[in-house]
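The next block holds one structure in the form of structure tokens; read it before the comments.
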Amino acid sequence: MTKTFMPNIKTAAELENHQLKGLQWTVQHAYDGSPFYRNSLDEAGVRPRDIRSLEDLQKLPFTTADGLKEGYPFPLLSVPFEKVVRMHASSGTTGKRKVLCYTQKDIADWTHFFARCYEMAGLDTTDRVQIAVGYGVWTAGISFQMGCEAFGAMAIPVGPGNLDMQCQFLVDFGSTVMCCTASMGLLLAEEVHRRGLGDRIKLKKMIFGSERASDAMRDRIQTLLGVEHMFDIPGMTELYGPGTGLDCSYHAGIHYWADYYILEILDPDTLEPVPEGEIGEMVVTTLRKEAVPLIRYRTRDLTRIIPGTCPCGSILPRHDRLLGRSDDMIIFRAVNIYPGQVDHVLSGIDAIGCEYQIIVDRREDGRDYMCIKVEAAQDVETTQFEDISKRISREVKKQIMVSAEVEMLSYGILPRSERKSQRVFDNRED
Ligand SMILES: [Zn+2]
């Protein structure tokens, strides 16, 4: 039998038992090893021995990005320094940069569950994985590579950008899997198409990290490259890095590794759990992380739990794609809007391209105005623009319940990026 990286857990009760043990270990470990956590637990009046069931999770205090900032450069460290073997940092300016430490076991755990991503995506050891995400102090490149090697497929570590080399490697090395951001995937697809390389490449699967791929982007990439599957890989530096889950071939939500962390979905205002299936903020608690355990860490990412069992039959629960950040939520005329909602509306409209921008201004009358700039699809005539913009306006009004001006632009006008495209421009002064 081939090696599997899936958990050896068969029932929901077994999973709960596994999570409870991990939770108890984590709270004790953090309490013993980190002055920050000891303080925060003491202040909340919770002792490690008070954690007797999974419901007791709700007694635990939250950890936020401020906790990370406070302990800079090595926040929340819960092991003696000689046990640390690596550090990573998120992109961002000093002060905002999140720095996380890892023990040997943390790296081994991360590598193991990252290999699980490739297994979930249906790869085998003959696959050739072109890794076009960033290498360096951030968590991306090295984790894609270590997971790939542990899984047993061949890693082709290229890094981002350099479309010329990417195209050449696709042809010469017969890469079957491409790992990149969705924006990079689109650039690559357009380049492969422009050079007429479609028949000479063997690409079957794409794994998109670090930003949400809009449906329009996926459609365009699929059309241009003819790949069989496109997967979304979530990940944040605080929680190891990329690879904390993946959608299976049914693409019915992202299976997350509930044997490594507990995911709560909470209302970002009240911090109470939302009803199952409703959108809220992801709050994570790790079960085995040594160097920097997370206890009820508020990620600011918005998503929802997908109820029920996946057609694939996996015991691993699912969350939806990330629908934006609670920080990115635009409060517009007293309505909460996140970019994912606009994206969803646009995905239902044909004749438009993949790029859009949301611009919010406050005008002299003191009122807020929203303008959505949308690119038309490549073959659409400008005479159709008025019709399309009216249709988008109507759908935005209907689905998000706000009025927005819609400006149609010709294909290729909005800037493309190899990293994350900025989509929201909030020009209001606070
Ligand atoms: Zn599944």
*asked:* Within the range 137-154, does at least one residue satisfy the condition of being at negative phi, part of a loop (DSSP other than H, G, I, E, B) and touching a Pro at 6+ places or on another chain (Cβ under 9 Å)?
replied: yes
*Need at least 2 residues that are in contact (Cβ under 8 Å) with a residue 60 or more places away in the chain and closer than 19 Å to residue 146 by Cβ per element, so show me which strands (runs of 3 or more DSSP E) inside the range 216-271 make the cut, counting only ones lying wholly within it.*
229-233, 245-247
*Taking the range 236-262 only, how many residues are at pLDDT 95 or above, more than 16 Å from the ligand (Cβ to nearest atom) and more than 12 Å from the chain's Cα centre (by Cα)?*
4
*asked:* Tell me whether the range 323-333 contains one or more residues that are assigned to a loop (DSSP other than H, G, I, E, B), touching a Cys at 6+ places or on another chain (Cβ under 6 Å) and away from the ligand (no atom under 16 Å from the Cβ).
replied: no
*Name the residue, out of 346, 302, that is more than 16 Å from the ligand (Cβ to nearest atom), outside any loop (DSSP other than H, G, I, E, B), modelled with pLDDT of 85 or more and not assigned by TED's automatic domain parsing to the domain that holds residue 242.*
346
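The values are calculated or read from the model by the stated rules, or taken from the named source; none is laboratory data. Predicted model only: the values in this text are computed from it and were never measured. Positions of Cβ are generated from backbone atoms using ideal geometry, with glycine treated the same way; all protein chains shown enter the neighbour counts.
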